1. Here are the criteria: (1) at pLDDT 50 or above; (2) among the hydrophobic types (A, V, I, L, M, F, W, C); (3) touching a helix residue (DSSP H, G or I) at 6+ places or on another chain (Cβ under 8 Å). Tell me which single one PHE93 does not satisfy.
2. Got at least one residue in segment 244-254 being within 30 Å of LYS64 (Cβ to Cβ) and part of a strand (DSSP E or B)?
3. What number goes with the only condition from (1) closer than 19 Å to ILE72 by Cβ; (2) under 29 Å from the mean Cα position of the chain (by Cα) that THR228 does not pass?
4. Name the residues in segment 280-310 that are in contact with an Asp or Glu (Cβ under 7 Å, 6 or more places away or on another chain) and over 26 Å from LEU126 (Cα atoms), would you?
5. If you check HIS198 against the conditions, is it touching a His at 6+ places or on another chain (Cβ under 8 Å) and either modelled with pLDDT under 95 or not hydroxyl-bearing (Ser, Thr, Tyr) (or both)?
6. Looking only at residues that are touching a residue at least 60 places away in the same chain (Cβ under 8 Å) and surrounded by fewer than 24 Cβ atoms within 10 Å (Cβ to Cβ) in segment 188-198, which one is farthest from ASN156 (Cα to Cα)?
7. Tell me, which residue of segment 211-243 that is part of a helix (DSSP H, G or I) and in contact with a helix residue (DSSP H, G or I) (Cβ under 7 Å, 6 or more places away or on another chain) is nearest to VAL288 (Cα to Cα)?
8. Considering each residue of segment 139-182, count those that are touching a residue at least 24 places away in the same chain (Cβ under 8 Å) and among the acidic types (Asp, Glu), and give that number.
Amino acid sequence: MKITRFICGLLAAMMIISAPAAASGLPSDETGSDAGQSTAAAAAGQSASHAPVDVTGISSYPEKPDVSADSIILLETNSNTILYSKNATEKRFPASITKIMTALLVIENCSLDEVVTFSYRATHELEPGSSSIARTDGEQMTVRDCLYCMLVASANEVAQALAEHVAGSFEAFAELMNKRAQELGCVNTHFTNPSGLHSEEHYTCCLDMALIMAEAISNPVFVEIDSTTSYTVPATNKHSESFGVAMKHELLRGSGKYKYAICGKTGYTSKSGFTLVTYAAKDGLDLVCVTLGCDDSSERATSTKRLFDYGFENFSVYNISEADPSMSAGSSGSGFLSSDLLSLAIPSDSCIVLPAGIAFQDLTSSLSWNSEAGIDGEIARVNYYYGQELAGSSPLTIDTSSSDTYAFLTDGTYSGSVAESEEEDSRSSALRLIIIAVVSVLALAVLAMLGFRFINGRTRRRKRRGARVSKNIRRYR
C-alpha cells in the first residue's frame, strides 16, 4: 500500500507540473494592460511564437520622433519588439518589396547553382515600363544570378521565372507565399504574384513586411545578396555580353547612405506609392524599418533614417540568461522534477530590448506553461513586465546541452536557475523521458489495480449483504 501511495504521489506531481501555472508571488499573465500592445493585439489568430511585443505604450517611454511617412514601423528583430509604429497594420500595396518574400522562398527551396529557364509567360506578362533586364523566352541563368538580378535590379521577369522554377506557375508560387506569410504570423497580407506588380488583391502591411524581412535576414545567403549594391550579370545563351546593374536603395549607396544600414529593398508603383524595407545593425540592436505609401523617395528615406537614429539612441539590448538574477548558478531545488530529472533551459541568445532609463532589474516576471508543446518545442515562457506592461519574454525548452536551467517544484513554480552538475551532464534527454514514461505506466497500472480492487470489493460486499438477507428470511419463515 505504501508503494501504491508513492506512485500515486508521483502521478499527482506530474499532473501538477504539466498544468499551466504561474510562478508564485509574480504577476499573472492576465494582469498586463493592453495599452502598449495595440499593434501586436491586431494580430488576432497570430502564432504566439511570432507575435511581436509592442512596448510603445509603457511608461517612461522615450519621446517619439515626428516622421512624415503615413505607415511605418520599427522592429527590433532579435527580441521581436516593436519600438515604433504608425498605421502599421493598415492594408497597403507593397510594390517590389514583395521580392523579399520571393527571394526567401527561392533560397529555402533551391540550390544556387540550379539553372532557371525563362518561359514566354515570364518574359512577356509584364506591365509596360516595369523594371526588367530584358530576358527572353528560353534564356537560362543560375538561381544565384537570378537572385542578384531580382534584388539588385528589381527585374520583374526574373521574379516570375524564379516563381515558375520553384512552383511551376505564378499562381502556385503565390500560394506558397501566402502559406509562408501565415507561418510567419502575418496578419494583413495576401500575395497574388512574385514581383509586386499591382493587383487589388496583392497587399500587405508594415508589420507583416517587418516580420518577413526579419525572417529573411536570418538567412546569410539573403543578406549577402541583398546587401550587394551593384552586380555584373554574366553572358547567357541568349546574350553574349555581360552588363552591370545597380541598386536604387537610397540608404545603401550614394550621398544618402546610412552608416549602419546593411540591406533592403525599394518599391514603387503609381498605386502603392514609394515603399522601402531596410535592415540596420549597431551595438547588438538589429532594426528593421518598413515604410509604405510614401509620396516620394526622399520621404521614405528620411523617415527611415529618423527611426533608425531613434532606435539606436534610445534603446539597449539585454541578454536574458546573463541579466536575469534567477538564471545564476544555484541549488537544484527539492521538487520531483528538479534539475536531476528534467531541466528547462532558456536559450543563450534570448534577449530583451528596453528604453533608456529602464534597467532590467526594474522588471518583474511570471511563468506561463504551454500544455501543447512537443518534446522538442517550447515548454513554457518567462514573461517580463515593466509595471503592468509586457516588456518581453523568453521561451523555455527541454535542456539537452550545457546551459543555464530552471529547477521546478511540484507546485508548478520555479526555484530559479541551477548550475549543471557532473551528474546532469552524464544524463541524456532520452533517459529522462524514459524515466517519466516508466513512472507514468506504473502509475496508470496502480490506478487500474485500485479500480479493480474497488469494483471487486463492492461485488464481495453485495454478495455478503445478499447472504445475510437470505439467512434472515429463512430464520423468520
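1. It is condition (3) that PHE93 fails.
2. no
3. All conditions pass for THR228, except number (1).
4. Residues satisfying the conditions are LEU285, ASP286, LEU287, ALA301.
5. no
6. Checking each candidate, the answer is ASN188.
7. MET213
8. Within segment 139-182, residues that are touching a residue at least 24 places away in the same chain (Cβ under 8 Å) and among the acidic types (Asp, Glu) number 4.
The values are calculated or read from the model by the stated rules, or taken from the named source; none is laboratory data. Just so it is clear, the model here is predicted, and its values are computed rather than measured. Neighbour counts run over all protein chains shown; Cβ positions are idealised from the backbone, glycine included.
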